[in-house]
Amino acid sequence: MKFLVIAQDLRVSGTSAGIVMRSLLAKLCKAYPEAVIDVSYIIHRDTDDDLDILPVDNLTKHIVSRKRPFYVTFINWFYWRLFHVSLNERYIYKQYAKFIASIDYEIYDHILITSSGTEHETILATYNLPILKHATLIFHDPYPLAWYVGANKTPSNLDLFRLKRVMEVVEQSKLCATTAKYMSHDLQHLFASKKKFHTLPHQFDASVFDLSDTSQVRKKSSKISISYHGALMYGRNLENLLLAYESLINENSVYNEQTEFVIRAKGEGVDDLKERFKEVANIQILETLNFSNSSNEQIYESDIVVILENGPYYCNILVGKAAFLAANNKPVLCVSPEKSELRTIITDNKFIADMNDIADLKVKLQTLIDDRLISNAPVYPFGDYFSDNVFKKTLKNILS
């Protein structure tokens, strides 16, 4: 059996897409150890991605220039206003398409085309290419961006034409999948697809990462260390959780003396949080780390790890951090909207709190702290959802 995987992001730091995509390759190799697995890696700038660690048979790296000729940019200024089609985007898609069209796709039994980021170049570049009829498209995020829950963006005429193009690509494809159940449901209807959208959740596999760099790991200074590592975007709400924690340590000297909250975040509102909680000694808002240091800090120094889902009312994506934390068997607190992907996965309610309800956040956080003060036993908030066996069964069902 031969697999071809077209990937857009295999970076090891600064991106959740690269982390879960590398892990997908590792899980694919474990699920089909006798198969030949080739990877076509198409990116727009050269980066050092430790590609030699990946356990695949062949990997080719293609660098696509996103620099557009002046005449394209000039004509586009008028063209998209008249026809609501971006020549700038189409030009970039053609650069990706050149590499994809050169692949001898007929030698493969299965072709997986994965997206990354919000532009979905690798998927949209396959429009009208023969390979598309034999390919399974895996959407990492909703597209266009206006339909990304929490993006707070009003659809434009350009978005509507983008939507039309992706509908055509979906129609031409063999199969489609996303990484979350809610997203599969939403995109199947958004794209007016007559074929079922399957769900292949994010994965994490430590074997495809070099985690030897521990030079910036912060040693915890309290018995219980709560941490959040990640981005603040798309309606993710950390402030309410910090307010709940502040209330806990002000009311109970045990929590004040034996706990700390360490945040390594980037994105919207970080400076505001620093200003708001600068007088709270137990709350440390620090700089972000590379993946190796961040992983080691969460694995060895954190006792309770926080996940922020998109919000404020609905989250239809599966955050990549969930698969990573599932591998570490630690208690997590998912700060979630009323309807979210993680609420369909985590069965024990103590690991999920309403992002819009400070009282609920306080109760759930207190419960996890109390549990951790008396026991360091492994916990399994996600059950076997991210296990190798479930992955193989899910992928087999999709491919068959």
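Every number in this text was worked out from the coordinates using simple rules, so none of it is lab data. Here the structure is a predicted model, which is why all the values come from computation and not from measurement. Because the Cβ atoms are built from the backbone with ideal geometry, glycine has one as well, and the counts that use them run over all protein chains shown.
Longer than 23 Å from Cα to Cα, which of Lys98/Lys174; Lys61/Lys98; Lys274/Lys330; Lys196/Lys396; Lys223/Lys266; Lys223/Lys364 are they? Say none if no pair is.
Lys274/Lys330; Lys223/Lys266
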State the Cα centre-to-centre distance between segment 83-149 and segment 19-50 in whole Å. 17
Per Stokes-Einstein, at 4 °C and 1.567 mPa s, what whole-number D in µm² s⁻¹ belongs to segment 224-374, with the Kirkwood radius over Cα pairs as the hydrodynamic radius? 84
Cut-off under 16 Å on the C-alpha distance; same-chain residues fewer than 8 positions from Lys153 excluded. Which aspartates and glutamates are left, in chain and number order? Glu119, Asp141, Glu268
Cut-off 20 Å, label point 7 angstrom out along Cα-to-Cβ of Tyr91: give me the residues of segment 124-146 whose amide nitrogen falls inside. 124-127
Expressed as an acute angle from 0 to 90° and rounded to the nearest 10, what is the orientation of the C-alpha long axis of helix 239-251 relative to the principal long axis of the chain? 10
If we restrict to alpha carbons, what Rg and Dmax does the chain come to, in Å? 22.0, 67
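Add +1 for every Lys or Arg and -1 for every Asp or Glu among the other residues with Cβ under 12 Å from the Cβ of Asp357, and state the total.
Values: positive: Lys362, Lys364; negative: Glu338, Asp354, Asp360.
That sum, taken over residues with Cβ under 12 Å, equals -1.
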Helical contribution to [θ] at 222 nm, DSSP H n ≥ 4, -39,500 (n - 2.57), averaged over the chain, rounded to 500: -10500 deg cm²/dmol
Through the Karplus equation 6.51 cos²θ - 1.76 cosθ + 1.60, θ set to phi - 60°, convert the phi angles of segment 128-141 into ³J(HN,Hα) values in whole Hz; use x for Gly and Pro. 6, 8, x, 4, 4, 5, 10, 10, 9, 8, 10, 7, 7, 9
What nm distance separates the two modelled labels at Thr347 and His185, each placed 7 Å from Cα along Cα→Cβ? 2.0
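Against the 2.2 N^0.38 Å scaling, with N counting residues, where does segment 20-135 land? I'd like the Cα-based Rg ratio to two decimal places.
Numbers: Rg = 16.5 Å, N = 116, 2.2 N^0.38 = 13.4 Å.
This ratio for segment 20-135 stands at 1.23.
Between Leu145 and Arg81, what length comes free when the chain is fully extended (0.36 nm per residue of separation minus the Cα-Cα distance, one decimal in nm)? Mind showing how you got there, number by number?
Numbers: separation 64, 0.36 × 64 = 23.04 nm, distance 1.92 nm.
Additional length available on full extension: 21.1 nm.
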For segment 333-348, 3J(HN,Hα) per residue [Karplus equation, 6.51 cos²θ - 1.76 cosθ + 1.60, θ = phi - 60°, Hz, x = Gly/Pro]: 10, 8, 8, 10, x, 4, 10, 7, 4, 5, 5, 8, 9, 7, 8, 8
